[in-house]
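Structure record follows, encoded as structure tokens.
Nothing in this text is a laboratory measurement; each read-out follows from the coordinates by a stated rule. Computed from a predicted model, the values in this text were never measured in an experiment. So basically every Cβ, Gly included, is an ideal-geometry build from the backbone, and we count neighbours across all protein chains shown.
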Amino acid sequence: MKTSRPKNDSRSLLIAAAAAFCVYFCMYAFRKPFTAAEFDGKAVFGSDLKSTLIISQLIGYMLSKFIGIRIVSELNRKYRTLAILGLIAFSELALLCFAVLPTEYKVFAMFLNGLPLGMVFGFVLSYLEGRTTTEALSAVLCASFIMASGVVKSVGQWLIQVQGVNEFNMPMITGLIFLAPLLLSVFILHKTPPPSTNDIQARKVRVAMSSGDRWTFFRAYWPGLTALFAVYVILTIVRSFRDDFGVEIWQGLGVSGKPAIYTHSETIVMIFVTLLNAIAIYFRNNIKALVVTFSIMATSFLLLIGVTIAQEQNLIGPLSFMVLCGVGLYMPYVAFHTTVFERIVSASSLSGNLVFLMYLADSIGYLGYVLLLAAKSHLEASNDKLAIFQNALYSLSVLSIIFLGIAAVYFYHTLSKERSDVELDV
């Protein structure tokens with residue numbers, strides 16, 4: 001018999017979702033504000049300073065994802081709060097070093113800044129997974145990184161343009177501005193109740209995974225997971241490029257000197273993407289939820305192709321183009337965090353947790369982006385970032401649709417067969 005969730009439990013989950021949103025929103029104030037600076041005319045080691053800083057931080061962030069495959073999926077959950085606080089403190093100390101060290105050492109400071117931050121998402125997500133409302137809770141969490149990037153860029157440019165803050169001091173000051181709300185949000189998140197009996201019946205108990213558990217899970221589903229990881233790499237590359245070079249893309253569209261435009265566009269994207277991904281909670285059947293989600297993801301890639309054509313033909317303006325591109329990129333990207341891996345774990349006959357698959361995908365995705373940026377910085381001294389972005393939307397969207405089709409067919413047949421075998425055994 002189906003029972004409703006107690007009102008006090010629902011209220012606790014709403015509070016947990018809000019706290020998770022705030023924690024990760026504030027984390028972006030320690031990771032992304034430096035991208036709001038242009039560092040015009042500045043170079044280091046013979047390369048453009050901003051591109052070098054982005055690559056340096058991404059290398060640290062990528063390594064953090066690889067480290068997180070083990071640490072985040074294995075760590076005893078009672079230590080999550082301390083882990084989040086320690087990681088944030090380390091990143092702010094790195095921003096202090098970025099402000100005071102000579103230029104060549106600033107690159108290393110930015111590497112240290114990225115090194116702890118890649119694990120924060122996994123610890124926050126672990127509070128939300130394994131529930132019948134996970135998609136809605138995770139959608140709220142993911143809304144934070146959609147909106148936060150634009151907000152911290154706006155804050156960063158405000159500090160530089162209005163307050164006259166030095167470009168190198170700005171990231172550290174931005175982090176300090178968001179420190180108090182982050183501490184409060186972490187404290188509230190720590191009070192999140194564990195999954196209920198109904199949650200466990202629908203989504204299974206989520207357990208820590210040993211090295212053997214992780215290998216067994218991947219080996220069981222490697223064809224479908226490989227196809228999904230390919231899509232995730234593509235999304236990470238294009239989404240990160242849009243994020244890191246947002247200032248230059250907007251300039252290519254003819255928009256500059258408007259700090260609020262980043263917050264405006266990303267807020268619209270956040271609302272659409274959050275609502276679309278949250279509806280997955282209404283699909284009780286895990287396999288059906290996967291099929292519907294894959295269909296929506298494929299539609300999002302078709303949207304990216306369409307809006308790029310429309311922009312090149314001057315049929316839509318800069319704001320519409322950036323908002324629709326944001327929706328088209330973030331819809332499938334967030335779906336990985338909210339639905340895809342959550343439902344695969346739920347439908348599987350093997351024990352596991354969401355954060356393992358999420359961190360495996362993240363580590364591969366960021367490795368791809370780091371390699372791309374490194375190649376670009378050496379092959380071309382000066383790039384038209386808008387043109388690169390548009391070309392990537394065309395080619396990579398087509399590839400993503402193909403890989404999604406492969407994954408959809410594989411998981412539908414594999415998970416359906418597992419379900420049939422279980423029912424026969426019973």
Whole-Å distance, taken between Cα centres, linking the range 301-363 and the range 175-241: 15
Of the cross-linked pairs Lys288/Lys417; Lys42/Lys153; Lys32/Lys153, which ones have a Cα-Cα span greater than 18 Å in the structure shown? Lys42/Lys153
Work out how much length Ile188 to Val100 would gain on full extension: take 0.36 nm times their residue separation and subtract the Cα-Cα distance, in nm to one decimal. 28.3 nm
Treating the beta-carbon of each Lys and Arg as +1 and of each Asp and Glu as -1, no other charges, what is the dipole magnitude of the range 13-425 about its Cα centre, to the nearest 20 debye? 760
Compute the angle between helix 80-100 and the longest alpha-carbon principal axis of the chain, please, reported from 0 to 90 degrees and rounded to the nearest 10. 10
In a shell of Cβ-Cβ distance under 12 Å around Tyr232, excluding Tyr232 itself, what net charge do Lys and Arg (+1) and Asp and Glu (-1) give? +1
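When a/c reaches 1.5 or more, the comparison of a/b and b/c decides; with that in mind, is the range 110-175 rounded, prolate or oblate per its Cα gyration tensor?
Oblate.
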What's the extension gain from Gln251 to Ile15 if we count 0.36 nm per residue and subtract their Cα-Cα distance? 81.1 nm
Mean projected area in nm² (Cα convex hull; one quarter of hull surface) for the chain: 20.0
Given 387-400, 309-322, 173-186, the highest-first ranking by average Cβ count within 10 Å works out to 173-186, 387-400, 309-322
Relative to the chain, whose Cα atoms define the longest principal axis, helix 134-161 and its Cα axis are tilted in degrees, nearest 10, by 10
Helix 385-425 sits at what angle to the longest principal axis of the chain, using alpha carbons and giving 0 to 90 degrees rounded to 10? 10
Relative packing of peptides 77-86, 247-256 - highest average C-beta neighbours within 10 Å first: 247-256, 77-86
Gain in span if fully extended, Leu399 to Arg219, counting 0.36 nm per residue against the direct Cα distance: 62.4 nm
Hey, got the dipole for the range 1-151? About the Cα centre, +1 on K and R Cβ, -1 on D and E Cβ, debye to the nearest 20? 660
Output ordering of 44-51, 325-332 (per-residue mean of other Cβ within 10 Å, highest first) is 325-332, 44-51
